[in-house]
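The values are calculated or read from the model by the stated rules, or taken from the named source; none is laboratory data. Predicted model only: the values in this text are computed from it and were never measured. Methodologically, a virtual Cβ is constructed for each residue, glycine included, from the backbone with ideal geometry; neighbour enumeration extends over all protein chains shown. With ligands, DNA and RNA removed, areas are computed over all heavy atoms of the protein, side chains included. Shrake-Rupley method; radii C 1.70, N 1.55, O 1.52, S 1.80 Å.
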Amino acid sequence: METRRIVDILRNAQPDESVTIQGWVRTKRALKEFSFMEVNDGSFMANLQVVLNPDLPDYENILKQLNTGASVEVSGILAPSPGKGQRIELKASKVKVYGDANPETYPLQKKRHSFEFLRTIGHLRSRTNTLGAVFRVRNACAHAIHQFFQERGFLWVHTPIITANDCEGAGELFCVTNLNLKEIPQTEAGEIDYSQDFFGRKAYLTVSGQLQAEVMAMTFRDVYTFGPTFRAENSNTSRHLAEFWMVEPEMAFCDLSGDMDLAEEFLKYIFKSVLEKCPEDMEFFNKRIDDSVLATADNIINNEFERVTYTEAIALLEKAKRKFEYPVSWGLDLQSEHERYLAEELFKKPVIVTDYPVEIKAFYMRLNEDEKTVRAMDVLAPKIGEIIGGSQREERLDILEQRLQAQGMNPEELWWYLDLRRYGTVPHAGFGLGFERLVQFMTGMGNIRDVIPFPRAPLSAEF
Ligand code: ATP
Ligand code: MN
């Protein structure tokens with residue numbers, strides 16, 4: 001008999017159907033006349049309750065092996081469940097134990113474990129209710145992202161993970177080398193001789209696929225990347241990972257206002273679609289993790305985002321009747337406490353801040369007529385702060401060259417990027433969304449390390 005997923009059984013199946021399921025035991029209760037166990041196969045938040053009667057072949061022996069964590073296959077007939085909490089249960093006629101799990105050593109016991117502890121058992125933690133829900137929601141988010149762009153005719157382009165350019169100029173790069181670290185070749189000037197390295201030059205793990213996405217947008221108009229990016233962030237925060245996934249749409253023939261519209265439509269779409277696909281998981285987060293999760297989703301879906309310029313935002317922050325740790329003044333970057341004040345306290349919904357000072361933003365952002373600000377936009381979300389960073393790109397060759405020079409970068413290294421401005425340049429715009437920040441925002445999970453299966457952060461890469 002074909003096995004069925006538990007999600008399908010709990011949502012759709014009727015009494016008297018015969019089914020086979022496979023999964024892992026969550027709990028077992030042995031009573032005098034018969035026993036119960038709860039089985040989970042990862043497809044659903046809830047477990048399927050299985051009733052085990054003593055007339056089962058090998059009952060006593062099997063019962064002994066049905067400990068939390070054991071893998072099983074169960075066949076039987078579905079019946080209405082007399083107990084509360086479930087509509088339907090499975091009366092087992094055959095149970096096969098694939099692998100048992102020693103209750104003396106299995107680390108996931110019935111009690112609640114802290115997320116810190118669960119991070120030390122990264123190979124088992126997805127078997128808990130919370131992490132299971134997180135990874136299902138993460139999957140639904142990823143699916144919705146592709147669906148959103150594909151429905152709109154965007155091409156998914158695969159940008160490289162190894163790159164020779166530092167897109168952000170932020171200096172948080174991981175170097176990629178296969179030089180012999182015990183005998184590093186040196187130039188006459190005593191510097192590392194990267195010409196002898198694998199690529200014949202210094203190479204890094206990418207911090208963003210944007211520059212290559214711009215290349216593809218100059219052919220296909222609307223494109224997006226969705227892949228891993230890397231930053232050697234030495235800050236141990238609850239919002240930064242060393243390896244995270246980024247979604248980066250790039251649109252030719254598009255300006256900043258089109259970019260903002262897309263970002264807003266995008267977030268609304270993703271929230272709506274995850275709520276439809278994982279309502280039980282979302283309710284779980286609302287009940288157990290953060291009781292504002294559903295209200296926030298509702299707020300995103302049903303309200304227009306606030307839009308203010310950086311200059312207006314600074315004025316609002318200066319008027320705020322509360323003290324900030326970091327100073328607020330025109331020209332300084334917004335800190336997370338400022339971003340959260342705007343989104344969480346002042347507007348109580350996502351806020352798009354535009355037109356930041358040229359000095360604090362990347363070289364590729366389009367210079368405004370005032371020559372003091374650039375066509376940047378950040379989407380700030382309650383609880384998270386910046387969730388999306390985007391801009392209209394500088395499409396004018398001469399200004400782009402000046403910006404590169406002003407930031408101490410070498411225009412020659414980006415000759416191919418500048419060529420896009422020589423051959424058929426057009427206004428274009430795009431943004432980057434940190435995928436884990438989105439999942440955090442959606443689920444209310446406090447630490448970004450708990451929304452990616454295998455987090456990479458300073459001193460942490462075990463699993
Ligand atoms: P922050 O100020 O929070 O460090 P940033 O200005 O460095 O963010 P961008 O360079 O604009 O961020 O990157 C685009 C998006 O990627 C951000 O809006 C954020 O959602 C996400 N992001 C950036 N750094 C990280 C990180 N270390 N871990 C996870 N997500 C990140
Ligand atoms: Mn950063």
- Query: Looking at (1) of a type outside the set (Ser, Thr, Tyr); (2) without any contact (Cβ under 8 Å) to a residue 60 or more places away in the chain; (3) more than 16 Å from ligand 2 (Cβ to nearest atom); (4) open to solvent by less than 70 Å² (accessible area, probe 1.4 Å), which is the one condition that is false for Ile360?
  - Reply: (3)
- Message: Looking only at the range 236-250, count every residue that is at pLDDT below 95 and within 11 Å of ligand 2 (Cβ to nearest atom) and tell me the total.
- Response: 3
- Note on the structure: Apart from one, (1) out of contact with any strand residue (DSSP E or B) (no Cβ under 8 Å at 6 or more places or on another chain); (2) within 25 Å of Asp281 (Cβ to Cβ) all hold for Gln14; the odd one out is (1)
- Collect the residues in the range 179-235 that are away from ligand 2 (no atom under 16 Å from the Cβ) and of a type in the set (Ser, Thr, Tyr), keeping them in residue-number order. Thr187, Tyr194, Ser195, Thr219, Tyr224, Thr225
- Message: Among the residues of the range 66-81, are any assigned to a strand (DSSP E or B), touching a Gly at 6+ places or on another chain (Cβ under 9 Å) and either open to solvent by 30 Å² or more (accessible area, probe 1.4 Å) or closer than 26 Å to Glu462 by Cβ (or both)?
- Response: yes
- Query: Here are Gly446, Gly408: which of them is within 30 Å of Ser292 (Cβ to Cβ) and surrounded by fewer than 22 Cβ atoms within 10 Å (Cβ to Cβ)?
  - Reply: Gly446
- Task: Give the range 190-239 a look and list any residue that's touching a residue at least 60 places away in the same chain (Cβ under 8 Å) and among the aliphatic types (A, V, I, L, M), or say none.
- Result: Leu211, Ala213, Val215, Met216, Ala217, Met218, Val223, Ala232
- Task: Go through (1) open to solvent by less than 40 Å² (accessible area, probe 1.4 Å); (2) on the phi > 0 side of the Ramachandran plot; (3) not β-branched (Val, Ile, Thr) and name the single condition Ala164 misses.
- Result: (2)
- Which listed residue, of Asn286, Asn302, is open to solvent by 20 Å² or more (accessible area, probe 1.4 Å), closer than 29 Å to Phe135 by Cβ and over 19 Å from the mean Cα position of the chain (by Cα): Asn302
- Message: Can you pull out every residue in the range 181-233 that is surrounded by fewer than 12 Cβ atoms within 10 Å (Cβ to Cβ) and over 31 Å from the mean Cα position of the chain (by Cα)?
- Response: Leu181, Lys182, Glu183, Gln186, Thr187, Glu188, Ala189, Gly190, Glu191, Ser195, Gly200, Arg201
- Query: When residues of the range 376-405 are filtered for being under 30 Å from Ala297 (Cβ atoms) and open to solvent by 70 Å² or more (accessible area, probe 1.4 Å), how many remain?
  - Reply: 1
- Could you pull out the residue among Glu33, Glu38 that is within 39 Å of the chain's Cα centre (by Cα) and open to solvent by 30 Å² or more (accessible area, probe 1.4 Å)? Glu38
- Is the range 104-118 home to any residue that is open to solvent by less than 70 Å² (accessible area, probe 1.4 Å), part of a loop (DSSP other than H, G, I, E, B) and within 16 Å of ligand 1 (Cβ to nearest atom)? no
- Query: What number of residues within the range 427-463 are part of a helix (DSSP H, G or I), of a type in the set (D, E, K, R) and within 16 Å of ligand 2 (Cβ to nearest atom)?
  - Reply: 2
- Note on the structure: Checking Tyr341, Tyr310 in turn, the sole residue that is under 29 Å from Glu214 (Cβ atoms), of a type in the set (Phe, Trp, Tyr) and either free of Cβ contacts under 8 Å to residues at least 12 places away in the same chain or buried (at least 21 other Cβ atoms within 10 Å of the Cβ) (or both) turns out to be Tyr310
- Task: Spot the failing condition for Leu262; the list is (1) open to solvent by 10 Å² or more (accessible area, probe 1.4 Å); (2) aliphatic (A, V, I, L, M); (3) within 16 Å of ligand 2 (Cβ to nearest atom); (4) under 21 Å from Pro382 (Cα atoms), and only one is missed.
- Result: (3)
- Message: On the basis of being farther than 16 Å from Ile387 by Cα, surrounded by 19 or more Cβ atoms within 10 Å (Cβ to Cβ) and out of contact with any Pro (no Cβ under 6 Å at 6 or more places or on another chain), does Glu276 make the cut?
- Response: no
